[in-house]
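I have placed the structure first, in the form of C-alpha cells, so that the comments after it can refer back to it.
The values are calculated or read from the model by the stated rules, or taken from the named source; none is laboratory data. The structure presented is a predicted model; accordingly, all values stated were derived computationally and were not measured. Here Cβ is always computed from backbone atoms with ideal geometry, including for glycine, and neighbour counts include all displayed protein chains.
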Amino acid sequence: MRIFNRKSNESRRIYDDSRFDEGKTSTKDDLSRSEQGALDCEEAIMKDKERFGRVRNSLMKHLRARYGDEVAKRAQWRVNRRRTEGYFK
C-alpha cells in the first residue's frame with residue numbers, strides 16, 4: 001500500500017520553498033546580522049576574560065541562547081586563538 005503520493009509531495013515541497021522566500025529581503029541582511037552577532041559574542045567573551053580571567057558558564061549559556069551554539073563556540077575559539085598567538089599582550 002502506497003501512503004504517500006509522489007506528485008502531492010513534490011507540489012508541497014515547491015509550496016514550502018516559496019513560502020520560505022516570502023519574508024526575506026536578501027541574504028546580505030542575514031549575513032551582516034550573523035557577522036554582527038559573532039562580533040558581539042567575541043566582545044563579550046574578551047570583556048569576561050579581562051574581568052574574571054576566564055569565560056563564565058553563565059555568559060556562554062546566554063550567548064548560546066541568543067546567537068546559537070555554533071556562533072558562540074566559534075567566537076570563543078577565535079578569542080582563545082588570538083590570545084595564544086599573543087594579540088592581547
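Worth pointing out:
- Residue 50 among the charged types (D, E, K, R), surrounded by fewer than 10 Cβ atoms within 10 Å (Cβ to Cβ) and modelled with pLDDT under 95: yes
- Checking each residue in region 53-72 for being in a helix (DSSP H, G or I) and within 14 Å of residue 34 (Cβ to Cβ) picks out 63, 66, 67, 69, 70, 71, 72.
- Filtering region 53-62 to residues that are surrounded by 11 or more Cβ atoms within 10 Å (Cβ to Cβ) and either closer than 16 Å to residue 78 by Cβ or basic (Lys, Arg) (or both) leaves 55, 56, 59, 60, 61.
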